[in-house]
Amino acid sequence: MSQSEELNVLIVDDHPVVREGCRSLFKSAGDLRLIEAESPSATLTLYEQEQPDVVLLDINLPETGGLELLAMLLKEYPGAKILMFSMYDNAALAARAIELGASGYITKNSAVPHLISAIRQVARGKPFLDPNLVQDVLFINLDIPGSQGDKRDTMIMDLLGQGKTLREIVSITGISYRTVCRICTRLKSRLNVTSINALSRLAVLRNIVSSHPDGRQKAQS
């Protein structure tokens, strides 16, 4: 997807002031078209009608919460690209959203360039994590020095981040399939996720972050 293509962004937020602020910001970006919803029912209807490139979804919706609506959208539209939009600077919430299938998580106090970058990045099929949450979400108890087991954990996370399957990791490392599965189970526990898909998404994010010396994702225009 080239930057010149207009991106349709469905924002789901029950606060008019938030939607109005995004409307103003998106106009200045030039390539973002905003579609607005304030309720789960409107979200499902508008998604069906508009087929947006990205859904910017408030995590704290009344009645049906943002995480519940995330699960509903992905059940109905498995290919939906959903960026959680939250007032909470909370690593556990971010990890939970990613486990449920969110393409990213960004807080409402993020700088404008990061929000625009996050939307474009998610539209390209790349995950995004708020820079302020990177250390908490991606490096929890992972790089503890001093044992061979920790080195293998890091190596397997790196390979998952490159998109390798468990069988491919076995072939590359020479580690048995059972051991690779056991390490992945340990990593899931450390990073508070329960599925290999969620672990793989975190691994991809970890590789993106690790590629930049300051430990943050590079803002992409």
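Read-outs throughout are calculated quantities, based only on the coordinates presented, and are distinct from any laboratory measurement. Remember, it's a predicted structure, so these values are computed and weren't measured experimentally. As a convention, Cβ positions derive from the backbone with ideal geometry for all residues, glycine included, and neighbour counts pool all protein chains shown.
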### Rounded FRET efficiency, nearest 0.05, which uses the C-beta distance separating GLU76 from GLU6 and R0 of 30 Å
0.80
### Summary
In this structure, among LYS164/LYS188; LYS126/LYS151; LYS75/LYS126; LYS75/LYS108, pairs with alpha-carbon gaps over 24 Å are LYS126/LYS151; LYS75/LYS108
### Summary
Yeah, the chain with a ≥ b ≥ c from its alpha-carbon gyration tensor (a/c under 1.5 is rounded, else prolate when a/b outruns b/c, oblate otherwise) is prolate
#### Entry: Summed residue charge, Cβ within 15 Å of LEU34's Cβ, Lys/Arg positive, Asp/Glu negative
-4
### As computed over the stretch 1-130, the Cα convex hull volume per residue (Å³)
93 Å³
### Query
Net charge near GLY125, counting Lys/Arg +1 and Asp/Glu -1 over other residues with Cβ under 15 Å of its Cβ?
+3
### Expected-Rg normalisation [2.2 N^0.38 Å, Cα atoms] applied to the stretch 62-144
1.09
### Amide proton proximity set for LYS81, modelled H, under 5 Å, gap of 5+
VAL55
### Task
Would you mind getting me the FRET efficiency between ARG167 and ARG190? Use the beta-carbon distance for r and R0 = 25 Å, nearest 0.05.
0.65
### Message
Can you compute the charge dipole magnitude of the chain about its Cα centre, using +1 on each Lys and Arg Cβ and -1 on each Asp and Glu Cβ, nothing else charged? Give it in debye, rounded to the nearest 20.
### Response
1100 debye
### the stretch 28-160 - percent relative contact order, Cα under 8 Å, separation 6 or more
18 percent
## Note on the structure
Nearest-0.05 FRET efficiency for THR154 and THR45 at R0 = 41 Å, using Cβ-Cβ distance, is 0.35
